[in-house]
Each structure stands twice: as C-alpha cells, then as structure tokens.
1. Identify all residues within the stretch A:69-86 that are at pLDDT 85 or above and aliphatic (A, V, I, L, M); write none if there are none.
2. Can you name every residue in the stretch C:426-446 that is more than 14 Å from residue C:319 (Cβ to Cβ) and aliphatic (A, V, I, L, M)?
3. Of all the helices (runs of 4 or more DSSP H) wholly in the stretch C:377-445, which have at least 2 residues that are at pLDDT 90 or above and of a type in the set (A, V, I, L, M)?
4. Does the stretch C:305-318 hold any residues that are open to solvent by less than 10 Å² (accessible area, probe 1.4 Å) and part of a helix (DSSP H, G or I), and which are they?
5. Scan the stretch C:487-498 and tell me whether some residue there is modelled with pLDDT under 90, open to solvent by less than 20 Å² (accessible area, probe 1.4 Å) and hydrophobic (A, V, I, L, M, F, W, C).
6. Out of C:339, C:343, C:359, report the one residue that is at pLDDT below 90 and either in a helix (DSSP H, G or I) or among the charged types (D, E, K, R) (or both).
7. Given the conditions (1) at pLDDT 90 or above; (2) outside any helix (DSSP H, G or I), which single one is not true for residue C:331?
8. What are the residues in the stretch A:45-63 that are facing chain B (nearest Cβ under 7 Å) and in contact (Cβ under 8 Å) with a residue 12 or more places away in the chain, if any?
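The values are calculated or read from the model by the stated rules, or taken from the named source; none is laboratory data. Just so it is clear, the structure is predicted and the values come from calculations on it, not from any experiment. Here the Cβ positions follow ideal geometry from the backbone for every residue, glycine too, while neighbour counts run over all protein chains shown. Areas reflect the complete protein model, heavy atoms only, side chains present, ligands, DNA and RNA absent. Shrake-Rupley method; radii C 1.70, N 1.55, O 1.52, S 1.80 Å.
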Amino acid sequence: MLPLALLIVAVLCAVQAVRAARLLVSAIWLAGVSALVALLLYWLGAHEVAVIELSVGAGLVTVLFVFAISMAGEDLTPLKSLISRPLALALVGVSVVAIAWLALPLIEQPVTGESPFGTLLWQNRGADVLVQIVLIFAGVLGVLGILADEKRPATPGVQTADMVEDVTPELVTEIVEPEKELA
Amino acid sequence: MTSLNIAIAGALVLLGVGLYGLLIMRNLIKIVIALQILGKGAILALVAAGAISGQTNLGQSVAVTLIVADTVVAVVGLALAVQVRRRFGSLDVNELSTLRG
Amino acid sequence: MFNLVPLVIALPIAGLLVNLALGKRLRGPQAGIVATLAAGLAFAVAVLLLIALQAEPEGAVVSLGNWITIGSFQVAWAFRVDTLSVTMMLVVTGVGTLIHAYSIGYMQGDARFARFFVYLNLFLAAMLLLVTADNFLLLFVGWEGVGLCSFLLIGFWFDKSGGEGWRNSNAARKAMIANRIGDAGLLLAMFALFWAFGSLNFADVFGTAEKSLAVGAPLATLITLLLLLGVTGKSAQIPLFVWLPDAMAGPTPASALIHAATMVTAGVYLIVRAAPLFTLAPFTQDVVAVVGTCTALLAASIAVGQFDIKRVLAYSTISQLGFMVAAVGLGAYTAGMFHLVTHAFFKALLFMAAGSVIHGVAHGAHTAKFDAQDMRHMGGLRGRMPVTFWTYLAGALALAGLPPLAGFFSKDEILTAAFEHRPVIYVLLTITAFLTAFYIARQAFLVFFGRGRSDAAHHAHDSGRIMLVPLIVLAALSVVGGALNLPGQHTLGGWLEHTTHEAEAGVFNATVAGISTVLALLGILLAYWRYGRQPAGERDPLQSALFTALNRRWWVDELYERLFIGPYNTLSRLIATFDKTAVDGAGLALGRATERVAEAVRRTQTGQLNWNVAGIVAGLAILLLIVAIGRGV
C-alpha cells in the first residue's frame, strides 16, 4: 500500500499548495507534489521519467518559482475568489467524474507490442523532440523576459522600448505639422 | 483495485485539484502553480495508462514531452507574472482586464 | 463602294469623340463646326452609297463580323445597303447636317454648347445604326440609342430656374417611360421572332415567314401587333403619343431633328422594313391604319387649340405621323415613305423657323417672366423677320398641302390610297387635311400677320445667317420635294420597289387632289376670317366649349393621369408603405434583436480570467457528459 500512501500525501500536498496563503509556501508544497509524483513514477517502472520529473519538476521549476516570487514580491492581500467555492467544486466534480467514467473502459484495452523507449523517443517521436527544442527556446526567451527590465539601467545609451515611446510624440508632431520646428 | 488503477485515480484527483485551483485563484503565480498540479496529474495518468495498455514506453516518452512543455509553461507564466507586477503593481489577474463588457 | 456604309455611323461617332475629348477647350462655335462637319461627311458618304445603288439597285449587306453567337443563333454587325436604308440615310444626314448648322447659331452662348453637339452626333450615329441594321437586334440598339438621345435632349435644360428645370426633366422622363412601354413591345416581338424563326436577321426572318406562314396566320398577327406597340411608342401614335408634345421642352433644333424629322419616323421605317410580315397579317394592317387615322385626326384637332408655337407643331407632327402610319397600314409603303421624306423637310423647316421666331422674340423681350413661345404675344413679325417669314410660309403651305409644294404630292398619294381601299379612312384623313390647313394658317396669321401684341414682338429681329441658310435650303426642298415622286413618274416608288417589292404604283386621282386642295384653301380662308383680320387674337376664344376641349387637349393627359398615373402612384405608395413597415421593419427588428441579445450576452464577458476558466471547465463538463451519454451510459 505504499503507492496509495504516496498518492494520498501527494494529493494532500497539492491541496496545501492551492490553499497556502503565501506564494513561497505554495511553491514548496508544489515541489512536494512533484517529488511524490516522481516517486510514484519510479514505482510504476518509469525510471527515466521519474528522474527527469524529479530534476526538472521538483528542482528547476521550484528554483524558478522562488526566483520569480522574490522578484515579483509577495502579494499578501487576501484575494477573495470571484467564483463561489461550491460552484467551483461542482464544476470540477462533474468534470472529473465524467472523465473517470469515460476512462474506465479504456483500461481494458488490448495490449500490443511496442519498441524500446529510446527508439520511441528518438525515432518514432522525432517531431515531438523537435517541438520540445522549440519549446525550450521559448522558455529561454521567457527567462530573458523576466530579466529584461533588470538589465536596462545597466546599459545606458541603448534604445529601449520606453525610450522610443518618449520620442514618439515629437515624431508625430513632425509628421502632422511638418512646418513646425522641433524644439 | 490494482496499483495502476490507483495511479489513474490519483491522477484524476490531482486534475481536480488543479482545476479547482484555476477556478479559485486570482494570483497569477498561484494560477501557474495550479497549472503545474494539473500537469503532474497528466504525467501520472500518461505513465499509468501506458503501463495498463502495455505501451509503457510510448506513455513514458509522451510524459517526457509533457514535462518539458509544462516547464516551459511555468517559465513563460512566471515571466509574465513578473512583468505584470512591474507594470500594474499587482498580481491580481482580474485587474489586468482591459476588455470591459 | 457599299463597304463605305460603316463610315456613315463612324463619322458622327468620331465627331462626338472629338467634342467629348476637346469640348471644354474648343472656343466659340468650334464644337458645332466639328459636329456639323461630321454630319456633313456622313451625308457625303450617303450620297456615294446612293450613286453606287444606281448601278446596283438590289444593294448589299456589309458584315463586320459576328457580334453574338449562341449555338445556332447568330447576330452579326451587319449593315444593309438598299434603297430603303439609303433613303433614310439621306434624310437623316441631310436634314441632320442642316439642323447641326442651325444649332451653331441657336445654341450660341449656351453653357453646355459642346455637350449639345455631342448629343446631336450621338443621335445621328444611333439613328443611322437603326436604319442600316441588318437584323432586329442591331436595329433595337439604334432604337434605344435614339430614345436615349431624345431623353438627354428633352431634358437638356434640366437646370433652368423657376420650376422650368423640373418641367423639362419631367418631360424627359415622360418621353423615356412612354418609349419604354413601346420598346417592351418591340422586345417581345423580337423574342417571338426568335422563337418562331430562330433568327433575327431580316432576310432569314422574312424569307422563312413568307414560306412557312399563311396570310392571316396568328403568329404573324401577334408579332406585328407587338411591333405596332413599339411603333406607337417611338412614332407617338395613340395610345402613347402624349410624350411628344411635352418633348418640346428640349432646345428647338433637337425638336426639329429628333421630334419632327427623323427619330419619330423610325416607327414608320420599322413597318416598311417589316413589310413582309405586315403583309401576312391583314388584321394588324387594319389596326395600323385605324391607329394612324385616329391619331392624325385627334392630334390635328388638338393643334387647333394650342397657343404655344412649338406645341402646335408638335401636335402637327403627331398628326402627320398618323398620316404616314395610316399609309403604311393601307399597304401604301411608297406613299408613307414619300410623306416621311417631304415631312422631314417641311416640319424641320417649320420647327427651325419657330425656333428663329422664339429666338428673335426672346431677344426682344425685356421682362424676365415673358413666355417667348406664346403666340398671343407675337404678331406682325412678317416685317421684322422677313427671311424667317418667307421660309416659314413655304413650309406652312407645304404642310397645308397646296400644290405644287412637296406636302401636296405626298399627302395626296396617301389620300388616294385610302380612297381606293378604305373610304372611311379617306373621309377622316380628308377632314384632318382640312384641319391641318386651318391650324397652320392660324399659326401663320397669329405669328406673322397683324400687329405686334407685345413689346417683345415689336423689338424682334431676324436671326443670324448660320440659322437662316438652313432655313432657305429646307424651304427650297419643301417647295420642290414633290418632284421626288411626281404622279406618273414615280421616281421614289420605282426606287423603293427594289426593297419593298410593292407592285401597286400609286395613281393620281384628280378628284382626290381637287377636294383636298379646295379644303386646304377653305381652311386657310377660315383661319384668315377667324385670326387674320384686325383686331386679331383679342377675343377670348376660350369661351367656346369646343375650343376649351381642344385647348385642354381633349383631356387626354388628365385621363391618363386618372387611369394610369394615379393608380400607379397609389400602388407605389402602398408598396412604399409595405417596404417601410414590413421590409424595413424586419431589418430593423433583426438589428434590434441582435442588439438586445448582445446586451444580454455582454454581461457574461466580464474580462475576468476566473470566469473564463469557469466557462472552459463548464464546457468541458458538458462535452464529457454528452460523450458519456452518447456511449449509452
């Protein structure tokens, strides 16, 4: 019953992650969920996936969260939800039950032979891998987005978006009233 | 109930918790956290489903793809959150709305 | 030589293109000179064709290639050169050239001088297309083209102040609508021809009809009756004649060219051209003769009661067209064409003389609100405008039918034909001839004799040389025009025979000629007794009930107003109400409903992320439930 226990703890962690008031605490609970899911994956025999999940999900993402929260700062004002909790629970409940209902018969699907993991990942799913590379590139751009504002004051003289905005009104003046000399 | 079925059930519960978080949360970073919980549920479901249907490796390879995608979602979401905080001074998504009905 | 025929049409088109392109830059009378030159050259080409026809009187068809080819149905750009079309060409270009020249003087100083000549040239081109076409469709193009020019020229002064501009454009619209009704008849006739014979080519249609249809065949009657509807529209016959008097709103040269000499005779030309079909339909022939006779009599009686100098001539034109139509209805095609030619001479002359009078009187007028066309304001112009007077007199006597002027011979031939075939028609036409002499003499006495009845009449003066020369030429033609088809010689008859194959040559009947001459003289005497003595025009003739009826034009316009225009307007208003309430209402209701729904739906668009997510989750739940239920649960 180890997996069941792991699962229950993971779900509890997830609930805590949702409930926690402080963002940092929330992020740590999320790391917990990730670690427990990784353990579950390992137990299910998916060793490679487990390792990747542990390192990326529990490690890298948590670091990112901490980084972002420290930059954005805690927003402690309690925000009251717009949607009433019973309504949210009802919607979620209906969806999950319906998925479960639909998924259960699929579990008895016949088993077919298949290729080794490596072959699948690198050959049959080559397109996916390419997409992943693109995704990672997008992620890099995202990180640059976080850091973009930070760099600006450090490099004066380089035209940034805001500086262009400052110039624009004069340009507009020049276009609209060509006779008028720029101050 | 086999352990695989337990995994599927757990994945569903995680999915539910994630959806609930998405509905309730107003803080942008917490929305990203809810998305991450959803993602964990999906990864778990993929691997379990692969094991059940005998296509273990297929499920796992898709799961790896999902991990990467999920991570990028987190990165971009967080970057967005940081920028939003700078521009608007708040992380409340409902204050970002410029589309007034 | 016959290959020159496209030039006849191309020259006026070239003239109008030059004026269209350079009209704004041409100074003074230059635009008019260009247009007159184009018309004159077209006349020269027509003369060349005439010479060519002398050697080869059967003529030829000149085809420039196919216009429309649909299966076996073919319409070609084909022009027919035969004695009939060349006769029409000569009249159209000859009289046309003179009127162009006259217009240079008449339209001098008009703000749209060049445009007027563009219209005139366009008219010439369309009219020549009409008379040279070798198939009904090409003829129809010309037919519509002249209708368009008529519309444009009647409404030429659409911007005159004081409600006159409105009257002018209304007159143009009236002409357009009346002509459209007739054109519908012509179109239907063409459909029937195509349906019956599979072709619109003259030779094919007539050849097939003569072979396959017996005399009196219903098909021939139907087609010819439809053609007659077209004729009544274009040639201003009962019941569609009401547009022509109003058409006098246009400039006088346009009235002379289009509404007296050429366009309105297109109907007569059409009947003569389609003579093989009409010969197959005796019933239609009778209808044509009756329509022409009634129109002639009715219009002549109305002309007696008019005071507007141009209106008298307009009704006179309708009446004379009635004569021609009656003639072709009687099968006397040569007589009809003969009268068409002489009428073109003297009626164009009368119109242009009237234009000269109006011109002179209007120049003498010193008050703005002076009606320069009212004959009651004239009188005694004989001395002030001698050239106009003498030329007018030639035209008037020709119209009255006094020997040996042109009108005498042509009218006499029609009367003789009626005398031989239909005595009733003969009697009616003879009465008309008497009325004709009376009303034209009345006009002559009112305008030129006696004393001037207004200040303007005292100060009137003759027009310039450019206007008088065409008058003199036409006066000469009106005097000697009868020589075209003198009794016993029948030059025109023999000439047209090559096309119409009319076996019966008109004979000279001394009785008929004598009676009509005596009646014409009586009419002139009566007019002198009534209007020529002093003090003329001072008694109020409106006191007599008969004269009121004539002056009010037998209330035909009022009758049409009641019968057609009133109900039509009522119907229009009804439909407009329906359109405004039901049709527009439906549109507005749709718009309002959309607005309401949008208003209601707008509340769901809060722009708040949580609600969006809730919508997505709810949608997901609903989809999943649908799939689950679809599984049979």
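1. A:69
2. Hits for the stretch C:426-446 are C:427, C:441, C:444, C:446.
3. Numbers: elements: C:381-384, C:386-400, C:406-421.
In the stretch C:377-445, the matching helices (runs of 4 or more DSSP H) lie at C:386-400, C:406-421.
4. C:309, C:310, C:312, C:313, C:314, C:315, C:316, C:317, C:318, listed by residue number.
5. Going residue by residue through the stretch C:487-498, those that are modelled with pLDDT under 90 are C:487-498.
The next check asks that each one be open to solvent by less than 20 Å² (accessible area, probe 1.4 Å); those that pass are C:492-493, C:496.
Subset that is hydrophobic (A, V, I, L, M, F, W, C): C:492, C:496.
So far as the stretch C:487-498 goes, yes, one or more of its residues are modelled with pLDDT under 90, open to solvent by less than 20 Å² (accessible area, probe 1.4 Å) and hydrophobic (A, V, I, L, M, F, W, C).
6. On the way: C:339 fails: at pLDDT below 90; C:343 fails: at pLDDT below 90.
Of the residues listed, the single one that is at pLDDT below 90 and either in a helix (DSSP H, G or I) or among the charged types (D, E, K, R) (or both) is C:359.
7. Exception for residue C:331: condition (1).
8. Quick first cut of the stretch A:45-63, residues facing chain B (nearest Cβ under 7 Å) only: A:45-46, A:48-49, A:52-53, A:56-57, A:60-61.
Within the stretch A:45-63, A:48, A:53, A:57, A:61 meet the criteria.
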